[in-house]
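The values are calculated or read from the model by the stated rules, or taken from the named source; none is laboratory data. Keep in mind the model is a prediction, meaning the values are calculated, not measured. Neighbour counts run over all protein chains shown; Cβ positions are idealised from the backbone, glycine included.
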Amino acid sequence: MREALKKRLASLTPRQRDIYEFVREKILTRGYGPTVREIGTQFGIRSPNGVMCHLKALQKKGFIVREARMSRAIQLTDRPQRLTSLRFGGHICADQPQLFDSETERIDFAGVFGGGYNVAYRVEDESLAEERIFPGDYLIVREEDYYRDGDKVLVLAEGKPMIRRHYQEESRVRLEPLRPTRGPVYFTDAKILGTVAAVVRQF
């Protein structure tokens, strides 16, 4: 723990420090903070107002920030925040959609955004429209040390971007289309930017 943080911790009461350490541990290990109920259960505080008093004190002293009306929206002030999970709202379909109202059901995106070295590329034209990727979309690409046969990669070939399945041959790279509408293309100097992990689209 950094020395500056240790000095700041001296301003907390023993109970405030225990709650802060509990909140910090939850955020660092699972990506989001505990609920008021979880804090109360952990420390034997029966009243939600009692928990809120401690959280307000931690916020006033600059250790956390909280979003109003959001039970898990506790963030630490001493580190960049990384959102890796979202509340799972249910299944959307034409026949009997299922909507959930639970704070415990979450979708964890750590596998997409948390592992490896990820880079975001903004698409500016129709060059990837064949893959249903359009201007304004963001490609989340994971840079790898090596690429396995069949990996879906973003590649620059002769200066043009494309998404293809990668196959390494003896003296060249074979790039197979994702859809069987075109044949493979072959390159000896194609630049692979990374494995395509996700597409983010804002409406």
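State all residues of the stretch 60-77 that are part of a loop (DSSP other than H, G, I, E, B) and either at pLDDT 80 or above or surrounded by 14 or more Cβ atoms within 10 Å (Cβ to Cβ) (or both); if no residue qualifies, say none.
We begin by selecting, within the stretch 60-77, every residue part of a loop (DSSP other than H, G, I, E, B); these are 61-63, 67-73, 77.
Correct list: LYS61, GLY62, PHE63, SER71, ARG72, THR77.
Inside the stretch 159-176, can you point out the residues that are surrounded by fewer than 19 Cβ atoms within 10 Å (Cβ to Cβ), touching a residue at least 24 places away in the same chain (Cβ under 8 Å) and in contact with a strand residue (DSSP E or B) (Cβ under 9 Å, 6 or more places away or on another chain)?
Passing the criteria: only PRO161.
Residues ARG142, ARG132, ARG165: which one is among the charged types (D, E, K, R), under 26 Å from PHE203 (Cα atoms) and modelled with pLDDT of 85 or more? Don't jump to the end; show me each part of the working.
Numbers: ARG142 fails: modelled with pLDDT of 85 or more; ARG165 fails: under 26 Å from PHE203 (Cα atoms).
The conditions single out ARG132.
Would you tally the residues in the stretch 1-57 being loosely packed, with under 12 Cβ neighbours inside 10 Å, assigned to a helix (DSSP H, G or I) and among the small types (Gly, Ala, Ser)?
Of the residues in that region, 1 qualify.
Looking at (1) free of Cβ contacts under 8 Å to residues at least 40 places away in the same chain; (2) under 30 Å from the mean Cα position of the chain (by Cα); (3) surrounded by fewer than 11 Cβ atoms within 10 Å (Cβ to Cβ), can you tell me which one GLY183 breaks?
(2)
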